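Heads up, the thing below is written out as structure tokens.
Just so you know, all these numbers are worked out from the coordinates, no wet-lab data involved. The shown structure was predicted, so the numbers you read here are calculated from the model rather than taken from an experiment. Here the Cβ is made from the backbone with ideal geometry for all residues, glycine too, and neighbour counts use every protein chain on show.
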Amino acid sequence: GGSASSSTIKQVKLDKESELRIEVGNDTPLRLRLLNGNAEIFGTELPPEIWLTFPPRLKFAVFSWYGATIEMDGATETDYVADETPMISYVNVHAVLEGRRSRAKASSDDSESSQGPRVIVVGPTDSGKSTLSRMLLSWAAKQGWKPTFVDLDIGQGSITIPGCIAATPIEMPIDPVEGIPLEIPLVYFFGHTTPSNNVELYKVLVKELAGMLDRQFAGNAESRASGMVINTMGWIEGVGYDLLLHAIRTFKANVVLVLGQEKLWSMLKREVSKSEPIVDVVKLQKSGGVVNRNAKYRQRARSYRIREYFYGLANDLSPHSNIANFSDLFIYRVGGGPQAPRSALPIGAEPAADPTRVVAMNINRDLLHLVLAVSFAKDPDEIISSNVAGFIYVTDVDIQRKKITYLAPSAGELPSKFLIMGSLTWLET
Ligand code: ATP
């Protein structure tokens, strides 16, 4: 109904255990609804008959366990039905995790046994890691658990803007259009979209996040029993591989799901076989529906994510442009700052950049178009160990008048004067 012209409406019948794979067109949204039967999008059931609107460029699948009829209205880049999917193997993993959650809940003592599964999803880029994480979380939430989603992917994360690692409890199946609610995430700002900018800092932040979650879990039996699902980056070679091992150990993961790569599975299996307590390393097939995204697409997706933070998915937020005096803000950068000159060092010593040194920055035109994080730190010493309240975007630096103009989610004072900069930029379009 509505304003849509009926000529663009089409019905698709899904047999049991098949899925409709869709890439929404570049310019116009797509409307879709479930006419009859049951169907889900990445683990979240579709309500019957209600039209849902999907934004341009979104790539997703509508899967049916028992058969369904779907109605679509609008242009797509592609849409086709596939009857070969790895969904049975994915839901089997879910069933095993459910068993562990129930056992954790039933165990009365406060020791290891009351800890539910800590699942980490690993694999190359475009193997479907984020998608599998999402399904496992939504299926668990549907059964009434409150699993914690941890996203370590600073390039294409799904909790907050790029350049961050973050965690959030998932209390309801994830909305197929809106994604993860942004209300209560725990966010640490790395400031770059690839860890190679500062590997040491990345590790330190992963450790901070894991420590914080451990403390939160200690007082929350429900979260502890529900466990976590940890999404990782697609960088699996060399330092990327070391970072995976670091994440597995730091989060004390007890289930490692390896998507789409035999070699990675066998390497990780050998590596953690000596671990105590036991870590299960499970190999899973990659879905044929996962869409490859090139560097340009990824860059654009990052830019849309930042836009979404300030303006909302449907332009439904109104950020405020604020002006501050240089003297009101304190901007820091971690690592990579100016090093001690050779002349200031003892003879024979090499100037070494301390990757976790917090360096105070002067305000100048270099800040233009940077996205800065607003730290919860009360003191510069706490910058690395503190999570962040949110982000601002620098739109003008007036050297003469010593004023800085920035976009923030709302008007009024920033929650803190301590800002962190990295290399994360954005060009408002
Ligand atoms: P990366 O590590 O590079 O961030 P990833 O391994 O996490 O990628 P996903 O983000 O899960 O991969 O998937 C890549 C894209 O493919 C996403 O846009 C996702 O929505 C889409 N996709 C995943 N599975 C399907 C499917 N079965 N049908 C259609 N699209 C899918």
Next item on the list: Compute the distance in nm between two label points, each set 7 Å from the Cα along the Cα-to-Cβ direction, one at Glu183 and one at Gln216.
Entry: 1.4
Check: To the nearest 10 degrees, how steep is helix 262-272 against the longest Cα principal axis of the chain, on a 0 to 90 scale?
Finding: 60
Notebook entry, point to check: What are the principal axis extents of the Cα atoms in the range 179-240, in Å, biggest first?
Noted result: 37, 25, 20
Check: For the range 196-295, what is the convex hull volume of its Cα atoms per residue in Å³?
Finding: 133
Check: What's the tally of Lys pairs in the range 264-306 whose alpha-carbon atoms lie under 26 angstrom apart, where the two lysines are 8 or more places apart or on different chains?
Finding: 4
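Using 0.36 nm per residue of separation minus the Cα-Cα distance, give me the extension gain between Tyr241 and Glu200 in nm, one decimal.
Working: separation 41, 0.36 × 41 = 14.76 nm, distance 1.42 nm.
Answer, rounded to one decimal: 13.3 nm.
Express the relative contact order of the range 1-153 as a whole percentage, based on alpha carbon pairs under 8 Å and six or more residues apart in sequence.
Details: 265 pairs, mean separation 39.9, N = 153.
Averaging sequence separation for qualifying contacts and normalising by length gives 26 percent for the range 1-153.
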Margin query: Please compute the alpha carbon radius of gyration of the range 1-117, then divide it by the globular-protein estimate 2.2 N^0.38 Å. Two decimals is fine.
Written below: 1.37
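Assuming R0 = 56 Å, can you tell me the calculated FRET efficiency for the pair Ile347 and Leu313, based on Cβ-Cβ distance, to the nearest 0.05? Write out the running numbers ahead of the final one.
Details: r = 59 Å, r/R0 = 1.05.
After rounding, the FRET efficiency stands at 0.45.
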Notebook entry, point to check: Taking Cα atoms, how many degrees apart are the long axis of helix 295-311 and the longest axis of the chain, rounded to 10 and kept between 0 and 90?
Noted result: 80
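Counting other beta carbons within 10 Å of each residue's own, what order do Ile347, Ile9, Ile22 fall into, fewest first? Don't skip to the answer; put the middle values down first.
Details: Ile347 5, Ile9 13, Ile22 24.
Fewest-to-most ranking of Ile347, Ile9, Ile22: Ile347, Ile9, Ile22.
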Notebook entry, point to check: Calculated from DSSP H runs of 4 or more alone, at -39500 (n - 2.57) each and per residue, what is the 222 nm mean residue ellipticity of the chain, nearest 500?
Noted result: -7500 deg cm²/dmol
Margin query: Treating only the Cβ of Lys, Arg, Asp and Glu as charged (+1, +1, -1, -1), what charge dipole size does the chain show about its Cα centre? Round to the nearest 20 debye.
Written below: 620
Checklist line | Residue-by-residue Karplus 3J(HN,Hα) for the range 161-177, coefficients 6.51, -1.76, 1.60, Hz, glycine and proline x | finding: 6, x, x, 10, 10, 7, 9, 7, x, 10, 9, 9, x, 5, 5, x, 9
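For the chain, take N as its residue count and report Rg(C-alpha) divided by 2.2 N^0.38 Å.
Values: Rg = 23.1 Å, N = 429, 2.2 N^0.38 = 22.0 Å.
The chain yields a ratio of 1.05.
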Check: What shape does the range 124-273 take by its C-alpha gyration tensor, where a ≥ b ≥ c are the square roots of the eigenvalues and a/c under 1.5 counts as rounded, a/b above b/c as prolate, and the rest as oblate?
Finding: rounded
Margin query: Taking θ = phi - 60°, what integer Hz values does the Karplus form 6.51 cos²θ - 1.76 cosθ + 1.60 yield along the range 126-134, in sequence order, with x for Gly and Pro?
Written below: 6, 10, x, 5, 4, 5, 5, 4, 4
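Please report, in cubic angstrom per residue, the volume enclosed by the convex hull of the alpha-carbon atoms of the range 39-82.
On the way: hull volume 4.0 nm³, N = 44.
Output value, Cα hull per residue: 91 Å³.
Please work out whether the range 69-126 counts as rounded, prolate or oblate from its C-alpha gyration tensor, where a ≥ b ≥ c are the square roots of the eigenvalues and a/c under 1.5 means rounded, while otherwise a/b larger than b/c means prolate and anything else oblate? Walk me through the numbers before you get to the answer.
Working: a/c = 3.31, a/b = 2.58, b/c = 1.28.
The shape class here is prolate.
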Notebook entry, point to check: Can you give the translational diffusion coefficient of the range 387-429 in µm²/s, computed by Stokes-Einstein from the Kirkwood radius over Cα pairs at 4 °C and 1.567 mPa s?
Noted result: 108
Next item on the list: Return Thr250, Thr160 ranked ascending by Cβ neighbour count within 10 Å, so the fewest neighbours appear first.
Entry: Thr250, Thr160
Notebook entry, point to check: Averaged over all directions, how much area does the convex hull of the C-alpha atoms of the range 249-336 cover when projected, in nm²?
Noted result: 11.5
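Antiparallel as a % of all DSSP beta bridges within the chain, to the nearest 5? Provide the component values of the computation, followed by the final result.
Values: 63 of 85 bridges.
Counting only bridges with both partners in the chain, antiparallel ones make up about 75 percent.
For the chain, what relative contact order do you get, as a whole percent, if you take Cα pairs closer than 8 Å and at least 6 residues apart? Show your work: numbers first, answer last.
On the way: 904 pairs, mean separation 60.2, N = 429.
14 percent.
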